[in-house]
Amino acid sequence: MVLDQEVLNQAAEMIRQGDVIALTGAGVSTESGIPDFRSKGGLWERYDPYDYAHIASFRQNPERVWKMLSELRETLDGKRPNGAHKALSRLEKAGLLRGIITQNIDGLHQAAGSQRVVEFHGNGQTLSCLECRTSVPQDDVSELVPPRCNQCDSILKPDVVFFGEEIPSQAIWASEELLRDTRCVLVCGTSAEVFPASQIPEVVKKNGGTVIECNLSPALGNSVVDLRLLGKAGETLPALAQLLGL
Ligand code: APR
């Protein structure tokens, strides 16, 4: 897909004015070798999200859910940031990006050097016991699948947000902080199908801000988007950063 130079120039102009944040989804990590959820070959093609990613299903049958979780853990293992993550990190270092609200649990924004990253859907670096609330770092958990709590022997759950669970209040608070005074949001690699993250572009729009979508194909409604950068985020975002002299 050929990048539209005129649209890239317009996007660079909008970003140069500052007070920009990014909202990212699984699409920014596909070029790191991590399939997304809803595209062809995505995780939800093989696992019904209601049976494998809803808190009720985890409580009912944690062994089954851990089959998907251990495959996901293997997929994430050893993956490195790509051009999309690195470009956003350079924008932050240059003071053009105030921070990132990510739906991803892979930690690749931080691995690319991004400092202000809100993990809206948690991350798998820690696990918690739903019975006795014990929290354990991933590295201290035995290889056993499913891993068990060493206090009460219940099955541990990774601290990622399942369907039917609340967004952690710390993530809500940090996102509201970032959204305050945001003039432009760069929405990258998300189908914007999952609430409440999907509301963020509209919040910026309602506050008089602008919305730039960076995706393989349009996901946000025309009434919300001001500019569309169609293409692979791992190519589009570096091109944008280069236009900004980064
Ligand atoms: N560059 C740009 N966009 C891409 C790329 C790429 N290289 N690869 C895929 N995409 C786009 C797809 O076209 C799709 O629109 O990224 C989007 C990924 O959408 P989803 O798979 O729905 O992922 P996401 O939006 O992050 O899902 C949101 O849903 O399943 C839950 O908790 C999970 O955080 C996740 C949430």
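What lysines could a cross-link reach from LYS157, if we take a straight Cα to Cα line under 18 Å and drop same-chain neighbours fewer than 8 places away? The qualifying lysines are LYS67. Of GLY25, LEU72, GLY99, which is farthest on the positive side of the dipole of segment 1-119, counting Cα position, with +1 on Lys and Arg Cβ, -1 on Asp and Glu Cβ, and the Cα centre as origin? Farthest along the dipole direction, towards plus: GLY99. Would you tally the net charge around HIS121, using a Cβ to Cβ cut-off of less than 11 Å, leaving HIS121 out, and scoring K and R as +1, D and E as -1? Taking every Cβ under 11 Å from that of HIS121, the sum is -4.
Based on the reciprocal of the average 1/r between different C-alpha atoms, the Kirkwood radius for segment 1-155 equals 17.7 Å. Classify segment 70-180 from the C-alpha gyration tensor, please: rounded if a/c falls under 1.5, else prolate or oblate depending on whether a/b exceeds b/c. Oblate shape, in that a/c is at least 1.5 and b/c is the bigger or equal ratio.
With only Cα atoms counted, segment 196-242 has Rg and Dmax values of 11.4, 32 Å. Counting only alpha carbon atoms, the long axis of helix 62-76 and the longest principal axis of the chain meet at about 40°. Debye-formula intensities of segment 100-246, expressed as log10 I(q)/I(0) at q = 0.13, 0.22 Å⁻¹, are -0.70, -1.44 (one equal scatterer per alpha-carbon, no solvent). Cross-link partners of LYS232 among aspartates and glutamates, defined as those whose alpha carbon lies under 15 angstrom from its own and excluding same-chain residues fewer than eight positions apart: ASP4, GLU31, ASP36, GLU213.
Legend: calculated FRET efficiency, LEU3 to GLN199, from the Cβ-Cβ distance at R0 = 41 Å, rounded to 0.05, equals 0.90.
If you add up the charges near LEU220, with Lys and Arg at +1 and Asp and Glu at -1, over every other residue whose beta carbon is less than 11 angstrom from its beta carbon, what do you get? Cβ neighbours under 11 Å give a net charge of -2. Rg/Rh for segment 131-185 stands at 1.16; both radii use Cα atoms, and Rh follows the Kirkwood definition. Restricting to the chain, what percent of DSSP beta bridges are antiparallel, rounded to 5? Within the chain, antiparallel bridges account for around 25 percent of the total. Output the 0 to 90 degree angle, nearest 10, between the alpha-carbon long axis of helix 233-243 and the longest principal axis computed from the alpha carbons of the chain. Long axis of 233-243 versus the principal axis of the chain: about 40 degrees. Counting only Cα atoms, segment 152-239 measures 52, 28, 23 Å along its principal axes, largest extent leading.
I need the shape label for segment 161-212. Rule: rounded when a/c is under 1.5, else prolate if a/b > b/c, else oblate, with a, b, c from the alpha carbon gyration tensor. Judged from the Cα gyration tensor, segment 161-212 comes out oblate (a/c at least 1.5, b/c at or above a/b). Label separation (GLN125 vs SER70): 2.5 nm, computed from points 7 Å beyond Cα along the C-beta direction. Among beta bridges identified by DSSP and lying wholly in segment 70-197, the antiparallel ones come to about 75 percent. For the chain, averaging the sequence separation of C-alpha pairs within contact (under 8 Å, six or more residues apart) and dividing by the residue count gives a relative contact order of 27 percent.
Beta-bridge orientation, segment 143-246: approximately 10 percent antiparallel, per DSSP, counting only bridges with both partners inside. Extension gain for the segment ASN222 to ARG46, taken as residue separation times 0.36 nm less the Cα-Cα distance, is 60.3 nm to one decimal.
Computed on segment 1-80, with alpha-carbon pairs under 8 angstrom and 6+ residues apart, the relative contact order is 18 percent. With respect to the chain, whose longest principal axis is taken over its alpha-carbon atoms, helix 169-179 is tilted by about 0°. Please work out whether segment 6-59 counts as rounded, prolate or oblate from its C-alpha gyration tensor, where a ≥ b ≥ c are the square roots of the eigenvalues and a/c under 1.5 means rounded, while otherwise a/b larger than b/c means prolate and anything else oblate? The shape class here is prolate.
Read-outs throughout are calculated quantities, based only on the coordinates presented, and are distinct from any laboratory measurement. Because the structure is a prediction, the values reported are computed rather than measured. With ideal geometry, Cβ positions are generated from the backbone for all residues, glycine too; neighbour counts draw on all protein chains shown.
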